[in-house]
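Working notes, structure below.
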Amino acid sequence: MNWTWFHKLASPPHFYRLAGRITPWLGWPAFLLIVIGLYGGLVLAPPDYQQGDAFRIVYVHAPSAWMSMFIYGMMAIAAAIGLIWRIKLAHAVAAAAAPVGAWFTFVTLVTGSLWGRPMWGTWWQWDARMTSELILLFLYLGLIALRASIDDRERADRASAVLALVGVVNLPIIHYSVYWWNTLHQGSTITKFGKPSITFDMLWPLLVMFVAFKLFFGMVLMLRVRGEVLRRERDASWLREELTR
Amino acid sequence: MMQTSITQAMALIYRGDLILAFRRWEQIAQPVVFLAMVTTLVPLALSPELGELREIAGGVLWIAALLAALLGLEFLYRSDHADGTLEQMLLSGQPLALIALAKTAAHWTASGLPLVLVSPLLAVGLGVPADALVVLMTSLALGTGILSSLGAVGAALTLGLRRGSVLLSLLVLPLAMPALIFGARAVDMAIHGEVARGPLLLLGAMFVLSLTLSPMAVAAALRISQE
Amino acid sequence: MLRGVSLELAAGQVVHIAGSNGVGKTTLLRVLAGLLTAEQGGVSWQGRPVTASFEVYAATLAYLGHSDALKADFTARENLRHEVGLRRDVTPAEIDDALARVGLAGCRDLPARVLSAGQRRRLAMARVMLSAASLWILDEPFTNLDHVGVVLLSGVIAEQLDAGGAVIIAAHQPPAIPRHTVRCVELV
Amino acid sequence: MNLSDFLAMGGYAAFVWPSFGLTLIMLILNVRNARRMHALAREHALRRLDAARKPT
């Protein structure tokens, strides 16, 4: 397996042009799938026998929750690549992904709280998943704050990369200790709040939304990475030819 | 002239840092005074009733100890960065991760250990029964150890930054939450007379994990921060 | 931004890096010391790239930056024992000799914070001498030194060169090293 | 399934619609921020290029 494709991809000018080309190919399908997913989730899917129509919030809550974890993992991988092989582009990807991840985590928390209100009668319940999602938000904010408070871009990239790696190692520990802590205090009488029993016509919109959010993230990431690349390639020669084309 | 062995170098750093810490003893006193103050706030805020205080003593002591240890993290690499000795450590020809381990150990002895030693006094003030004090001290020893090693990564990353201390707590506290969960739980069980082996063992596991992994992260962070 | 710099140094040679303020002298020295990594090109020592095993290179190198790297609360002796001790077994006798050599015999047990800037620079010089390194990288070593200090340091550098060591000095005015010609590299 | 039943969402309208609304706002906001950030960086780079081309 020769590594030329990897080096070609890692070279900023090549990636900048490539990102520009594929952004629309990610954006429009994402938009289309979101419309389909929402229609399927809100209109076609029957109400849940237990939670009625409130369960429809799952169509935005679950994909966001998944994205918040996925983006953190991807960011840690990009950080590792950036640190080990000193590829500036990988740091640009990590820098671009962090705010989007934080947004998804925030949405997960709010939609979770909105979903919990009718079920539990309170806006916030120290439920295991919501608590670990909240801690994940702190991790994201820590990353963004660290990167923002360091002026020198090179140091900001590498410092955030180390923090992302330390965070990703701690993520499973936080996850399981919160679960253990939750089952311990609440005992085993938690309401069956887990995934409601899903029939196929409830399921397919959820899968569509999962794919749609991934494509959406791809599009936003490409845009942000292009911006980050421009910030980092301060006086690269290819810049003039690219920007004045 | 033979190059100093790594163990000698680590011992030298450990002793050196402790000497410096004791010459600036007010830095050592700060976390301990903070812990004492916070635990006196609790009865004032809640109730003088020892029975009631006993219920929350585990959590209060642990949260106060965690914040006090966080306060102690300020002094970890800041003075070395400021006076240039950090550069000499990087260029000492000794493995940086082990030097970081020695510094973390010295920092724990100067800031974590005093908290552990003073905690029984404050625990009695919160109505903690005598037989729970051993579990309290063990759990706090492991907890402050975890915070020192994880905190060292945060301290190294935020070296020389403007409002580094606020950032430091934002970076380190989420990582210390699992330790808080098991530590407070262990003390709570001990207070109620149950055997607290389970949480203590998990806390010990976390301590070993953070002790082995974090020096490497600290070494990387130090190189990045001083560049 | 530093570009297009290449430097060759053999044993017993001394190089003077000259250039106006902000031209990049310190950056170059920090790259040579391995504290900074250059984007292109690299530093190699005895033919091997420095990044291969940085600890080996660091052990052969003594770096004196702008800061004297002294602990204010440590006495002169303690500073030397703790910093040089990290690198090699140094005996109290050697420390006292070095302090006498740089004219600090009188303030052996004074904390570094009470020393004057010149005395602190001499203490940093003593550290470089004691580190038994073959390559010295000195960034503005003569700052704060009086005339006696400058002569003293030049003599010490000469001895290092006689013993086959190599020295890189960044300074504004060219250093006068007895018995050795100083090669000058001008950064523009 | 007429419109008013649909909007009522089985009595949970007060929770379902804000959830979807917030998510859509987030999606749009992200796109706008990303676009603006890229345009800003591009303009900044161009300005730096012009400054570099003009002999100071």
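Bear in mind these aren't lab numbers, they're just calculated from the coordinates by the rules spelled out. Because the structure is predicted, anything quoted here is derived from the model rather than measured. Every residue, glycine among them, receives a Cβ derived from its backbone with ideal geometry; neighbour counts consider all protein chains shown.
For a footprinting-style exposure proxy, rank A:143, A:32 by other Cβ within 10 Å, fewest first.
A:32, A:143
Quick one: dipole size for chain A, taken about the Cα centre, charges +1 on Lys/Arg Cβ and -1 on Asp/Glu Cβ, in debye to the nearest 20.
Values: 22 positive and 14 negative charges, 117 e Å.
Around 560 debye, computed over chain A.
Please give the charge dipole size of the protein assembly as shown, origin at the Cα centre, charges +1 on K and R Cβ atoms and -1 on D and E Cβ atoms. Round to the nearest 20 debye. Each step should come with its number before you reach the end.
Numbers: 59 positive and 48 negative charges, 406 e Å.
With Lys and Arg at +1 and Asp and Glu at -1, about 1940 debye.
For residue C:51 and residue C:8, FRET efficiency with R0 = 22 Å and r from the beta-carbon atoms, rounded to 0.05? Let's see the in-between values first.
Details: r = 19 Å, r/R0 = 0.86.
Taking R0 as 22 Å, the efficiency between residue C:8 and residue C:51 is 0.70.
Fewest to most neighbouring Cβ within 10 Å: what's the order for A:36, A:84?
Values: A:36 16, A:84 10.
Arranged by neighbour count, lowest to highest, A:36, A:84 become A:84, A:36.
For D:37-49, what's the mean count of beta carbons from other chains sitting within 10 Å of each residue's beta carbon? Could the numbers behind the result be given before it?
Numbers: counts 9, 13, 4, 3, 9, 6, 2, 4, 12, 5, 0, 4, 5.
Rounded to a whole number, the mean comes out at 6.
Using the alpha-carbon atoms, what tilt in degrees (0 to 90, nearest 10) does helix B:50-72 show relative to the longest principal axis of chain B?
Helix B:50-72 and the main axis of chain B meet at about 10 degrees.
Fewest first, what order do B:206, B:177 take by the number of other Cβ atoms within 10 Å?
Fewest-to-most Cβ neighbours within 10 Å comes out as B:177, B:206.
For region C:69-143, what is the Kirkwood estimate of the hydrodynamic radius, computed as the reciprocal of the mean inverse distance between distinct Cα atoms, to one decimal in Å? Don't skip to the answer; put the middle values down first.
Values: mean 1/r = 0.0819 Å⁻¹.
Roughly 12.2 Å, rounded to one decimal.
Amide H neighbours of residue C:73 under 5 Å, at least 5 residues apart or on other chains, H built in the peptide plane: list them.
HN-HN under 5 Å from residue C:73: empty list.
Give a residue-ordered list of calculated ³J(HN,Hα) values for region B:218-226 (Karplus: 6.51 cos²θ - 1.76 cosθ + 1.60, θ = phi - 60°; whole Hz; x for Gly, Pro).
Running phi through 6.51 cos²θ - 1.76 cosθ + 1.60 with θ = phi - 60° gives 5, 4, 4, 5, 5, 4, 5, 6, 8 Hz.
Kirkwood Rh and Cα-based Rg: tell me the resulting Rg over Rh for chain A, rounded to two decimals. Let's see the in-between values first.
Values: Rg = 20.4 Å, Rh = 19.8 Å.
Reported Rg/Rh (Cα atoms, Kirkwood Rh): 1.03.
Hey, in the GNM for chain B with a 10 angstrom Cα cutoff, which one of B:182, B:75, B:22 fluctuates hardest?
Of the options given, B:22 has the highest mean-square fluctuation.
What pairs from A:8/C:25; A:88/C:25; A:8/B:103 go past 31 Å between their alpha carbons? Intermediate values should be presented prior to the final figure.
Numbers: A:8/C:25 34 Å; A:88/C:25 26 Å; A:8/B:103 42 Å.
In this structure, A:8/C:25; A:8/B:103 lie more than 31 Å apart at Cα.
Given the rule -39500 (n - 2.57) for each run of at least 4 DSSP H residues, summed and divided by the residues of the protein assembly as shown, what is its mean residue ellipticity at 222 nm, to the nearest 500 deg cm²/dmol? Write out the running numbers ahead of the final one.
On the way: 26 runs with 484 residues, N = 716.
Value at 222 nm, helices only, nearest 500: -23000 deg cm²/dmol.
If contacts are Cα pairs under 8 angstrom and at least 6 residues apart, what is the relative contact order of region B:6-226 in percent? Could the numbers behind the result be given before it?
On the way: 277 pairs, mean separation 60.7, N = 221.
Across region B:6-226, relative contact order equals 27 percent.
Mind telling me which of B:79, B:169, B:119 comes out most flexible in a GNM of chain B, alpha-carbon contacts under 10 Å?
Checking each option, the largest mean-square fluctuation is seen for B:79.
What percentages, rounded to whole numbers, describe P(r) for the protein assembly as shown computed over all alpha carbon pairs with 20 Å bin width beginning at zero?
Cα pair-distance distribution for the protein assembly as shown, in percent: 15, 39, 33, 11, 1, 0.
Would you grab the residues whose amide H sits under 5 Å from the one on residue A:51? Only those 5+ places off in sequence or on another chain, please, with H modelled 1.01 Å from N.
Distant-sequence amide H within range of residue A:51: zero hits.
Kirkwood hydrodynamic radius, computed over distinct alpha-carbon pairs, for region B:6-226: how many Å, to one decimal? Numbers along the way, then the final one.
Values: mean 1/r = 0.0564 Å⁻¹.
17.7 Å is the Kirkwood radius here.
Based on DSSP, what percent of beta bridges with both residues in the protein assembly as shown are antiparallel, to the nearest 5?
Working: 5 of 23 bridges.
Bridges in the protein assembly as shown are about 20 percent antiparallel.
Set the Förster distance to 56 Å, then compute FRET efficiency between residue C:96 and residue A:169 from the Cβ-Cβ distance, nearest 0.05.
FRET efficiency, residue C:96 to residue A:169: 0.70.
Work out how far the C-alpha atoms of chain C reach from end to end along every principal axis, then list the three figures in whole Å, largest first.
The Cα atoms of chain C stretch 46, 35, 30 Å along their principal axes.
Would you mind giving the mean number of other chain beta-carbons within 10 Å of the Cβ of each residue in B:165-172, as a whole number? Write out the running numbers ahead of the final one.
Values: counts 0, 2, 6, 2, 1, 8, 10, 2.
Mean partner-chain Cβ count within 10 Å for B:165-172: 4.
Once the piece of chain linking residue A:77 and residue A:5 is laid out straight, how much longer is it, given 0.36 nm per residue of separation minus the C-alpha distance between them?
Details: separation 72, 0.36 × 72 = 25.92 nm, distance 1.82 nm.
Length gained between residue A:77 and residue A:5: 24.1 nm.
Which one of B:63, B:99, B:19 has the biggest mean-square fluctuation once chain B is modelled by GNM with Cα springs under 10 Å?
Most flexible of the set in this elastic network: B:19.
What average count of beta carbons from other chains do you get within 10 Å of the Cβ of residues in A:224-234? Please report the intermediate quantities before stating the final value.
On the way: counts 7, 2, 6, 12, 3, 3, 11, 5, 1, 2, 5.
Per residue, the average neighbour count from other chains is 5.
Ordered by residue, what ³J(HN,Hα) values in Hz, to whole numbers, does region B:33-46 give under the Karplus form 6.51 cos²θ - 1.76 cosθ + 1.60, where θ = phi - 60° and Gly and Pro are x?
Karplus values, whole Hz, x for Gly and Pro: 5, 4, 4, 4, 5, 4, 6, 7, 5, 4, x, 4, 6, 9.
Amide H of residue C:88: which non-local residues (sequence gap of 5 or more, or other chain) have their own amide H closer than 5 Å, using H built in the peptide plane?
Residues meeting the criterion, in which the H sits 1.01 Å from N, are B:4.
Using θ = phi - 60° and the Karplus relation 6.51 cos²θ - 1.76 cosθ + 1.60, list the HN-Hα couplings for region B:87-92 in order, rounded to whole Hz, with x at every Gly or Pro.
Per residue, the Karplus-derived 3J(HN,Hα) values read 4, 5, 5, 5, 9, 7 Hz.
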